[in-house]
Amino acid sequence: ATLQALEKGLRHYGRTSMGQGRPRYWSWNGGGFDRPYLARRALLHGLYPLAGMMRIEKPWLADDLYQVWCMGQNRARGSLDAVCDFLGIDRSANPIGGGEVYDRWREGDLVSILDHCTDDIRVLREVHGRFRRAGWV
């Protein structure tokens, strides 16, 4: 049901956003993790249009801020937490790490997951703002 809602949302916003028919979003390693993961899960569940959207179509404009940070260097690394530390962006509002989300979900701790995701959005917005001011995006 969640993947179907994602597909419906992407199609809706792809038709209505920004006058271009293509919404813009930012991610941290979305091209290296999120989109491939979602494409494979959609394929597994027979959601072929979504699998295709995640793999090929990209009906949105995307900036993978991790790729921006790496600047094409294959050896460059940096977790969102490490980049926040480097830039002096506070992560104290984040109660759990990304690696804990699945375990928290299994425990039914949806509040901690929501707090984690909300804080990730906040800091990603701050990182994006810094990159934009530097002319990187």
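Worth a mention:
- Count of segment 10-45 residues which are open to solvent by 30 Å² or more (accessible area, probe 1.4 Å) and either modelled with pLDDT under 70 or not in a helix (DSSP H, G or I) (or both): 14
- On the stretch given as segment 86-102, residues that are surrounded by 12 or more Cβ atoms within 10 Å (Cβ to Cβ) and either assigned to a helix (DSSP H, G or I) or in contact with a Cys (Cβ under 7 Å, 6 or more places away or on another chain) (or both) total 5.
- Within segment 68-80, residues that are within 16 Å of residue 131 (Cα to Cα) sit with their Cβ atoms under 7 Å from residues that are open to solvent by 30 Å² or more (accessible area, probe 1.4 Å) and among the aromatic types (Phe, Trp, Tyr), at 6+ positions apart or across chains, in these pairs: 68/136; 78/69; 80/28.
- Residues located in segment 64-99, provided they are hydroxyl-bearing (Ser, Thr, Tyr) and under 18 Å from the mean Cα position of the chain (by Cα): 66, 79
- Residue within segment 103-123 that is touching a Cys at 6+ places or on another chain (Cβ under 9 Å) and either farther than 18 Å from residue 25 by Cβ or surrounded by 11 or more Cβ atoms within 10 Å (Cβ to Cβ) (or both) present: yes
- Evaluation of residue 54 against (1) modelled with pLDDT of 85 or more; (2) open to solvent by less than 70 Å² (accessible area, probe 1.4 Å) (one fails), failing number: (1)
- Residues that are at pLDDT 80 or above and either out of contact with any strand residue (DSSP E or B) (no Cβ under 9 Å at 6 or more places or on another chain) or exposed (fewer than 14 other Cβ atoms within 10 Å of the Cβ) (or both), drawn from segment 57-67: 67
- Given (1) without any contact (Cβ under 8 Å) to a residue 24 or more places away in the chain; (2) aromatic (Phe, Trp, Tyr); (3) more than 23 Å from residue 11 (Cα to Cα), number of the condition residue 33 does not satisfy: (3)
- Residue check: residue 49 meets all listed conditions (1) modelled with pLDDT of 85 or more; (2) farther than 23 Å from residue 117 by Cα but one, namely (1).
The values are calculated or read from the model by the stated rules, or taken from the named source; none is laboratory data. What you see is a predicted model, and the numbers here were worked out from it, not measured in a lab. Cβ coordinates were reconstructed from backbone atoms using ideal geometry, including for glycine residues, and neighbour counts include every protein chain displayed. The protein model used for the area step is the full one, side chains on, heavy atoms only, and it has no ligands, DNA or RNA in it. Shrake-Rupley method; radii C 1.70, N 1.55, O 1.52, S 1.80 Å.
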